Amino acid sequence: MPRKILLVEDDAMSGQALGHLVATFGYESSWVANGRDALQAVTHFSYDGVLLDLVLPDIKGIDLLKKVRELHPTIPILITSGHETLATTALAEGAQGFLFKPIDAHSLQRQMTQWFGVP
C-alpha cells in the first residue's frame, strides 16, 4: 500500500501540480488549501508525512506546524516555502526538512524517500 501524504498548499495550481508530482514518485496524496482543512485532515485521517507550505490564507504555517506536531509528535513534516528566513524557525519547531520554492523534483523525491519512506 502506498504511503499517504498530506499536501498543504494554498495555491490551487501548485497544489494540483504537487499532487501529480508525488504520484509519479509512487505516493498517494490528499491536498488541502488552508490550515483549517489541514487540521481537520490530520485529526481524522492517518498520514505518513506532511508537505506544508508556510504561507497560508488563514493561519501562519509555523503555527500550523506546531499544532500538527502536538497532535502527531512523530509524523515527518517537510516545509515548502519561498521564504528562506522561515527555514530556521521551521526546523527549530520540528520540521524534518525545508524545500525552497520553486521545488526541485529530484530534491523533493530524495527528501520524501528519506523522511516518509519508500512508497
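The values are calculated or read from the model by the stated rules, or taken from the named source; none is laboratory data. Fair warning: this is a prediction, and the values are worked out from it, not measured in the lab. Methodologically, a virtual Cβ is constructed for each residue, glycine included, from the backbone with ideal geometry; neighbour enumeration extends over all protein chains shown.
When region 67-82 is filtered for residues that are without any contact (Cβ under 8 Å) to a residue 40 or more places away in the chain and surrounded by 14 or more Cβ atoms within 10 Å (Cβ to Cβ), the ones remaining, listed by number, are 67, 68, 69, 72, 75, 77, 78, 79, 81.
Anything in region 41-66 that is touching a helix residue (DSSP H, G or I) at 6+ places or on another chain (Cβ under 7 Å), free of Cβ contacts under 8 Å to residues at least 40 places away in the same chain and part of a helix (DSSP H, G or I)? List them, or say none. The answer is 42, 43, 62, 65. Picking from residues in region 83-101 that are part of a helix (DSSP H, G or I) and either touching a strand residue (DSSP E or B) at 6+ places or on another chain (Cβ under 8 Å) or modelled with pLDDT of 95 or more (or both), the one that is surrounded by the most Cβ atoms within 10 Å (Cβ to Cβ) is 90. Among the residues of region 80-93, at least one is closer than 18 Å to residue 32 by Cα and either in contact with a helix residue (DSSP H, G or I) (Cβ under 7 Å, 6 or more places away or on another chain) or of a type outside the set (Val, Ile, Thr) (or both). Here residue 26 meets the list (1) touching a helix residue (DSSP H, G or I) at 6+ places or on another chain (Cβ under 8 Å); (2) surrounded by fewer than 19 Cβ atoms within 10 Å (Cβ to Cβ); (3) of a type outside the set (D, E, K, R) almost entirely, failing just condition (1). Annotation: of all residues in region 68-82 being in a loop (DSSP other than H, G, I, E, B) and closer than 18 Å to residue 29 by Cβ, the one that is farthest from the chain's Cα centre (by Cα) is 72. Of all residues in region 102-115, those being surrounded by fewer than 16 Cβ atoms within 10 Å (Cβ to Cβ) and either not charged (D, E, K, R) or not in a helix (DSSP H, G or I) (or both) number 7. Close contacts from region 91-119, counting a first residue that is under 13 Å from residue 27 (Cα atoms) and a second that is crowded, with 16+ Cβ neighbours inside 10 Å and basic (Lys, Arg), with Cβ to Cβ under 9 Å and a gap of 6+ residues or different chains, come to 112/3; 116/3; 117/3; 118/3; 119/3.
Of the residues making up region 19-40, those that are assigned to a helix (DSSP H, G or I) and either under 12 Å from residue 58 (Cβ atoms) or free of Cβ contacts under 8 Å to residues at least 12 places away in the same chain (or both) are 20, 23, 24, 35, 36, 37, 38, 39, 40. Within region 37-53, the set of residues being among the β-branched types (Val, Ile, Thr) and either closer than 19 Å to residue 27 by Cα or touching a Lys or Arg at 6+ places or on another chain (Cβ under 6 Å) (or both) comprises 42, 50.
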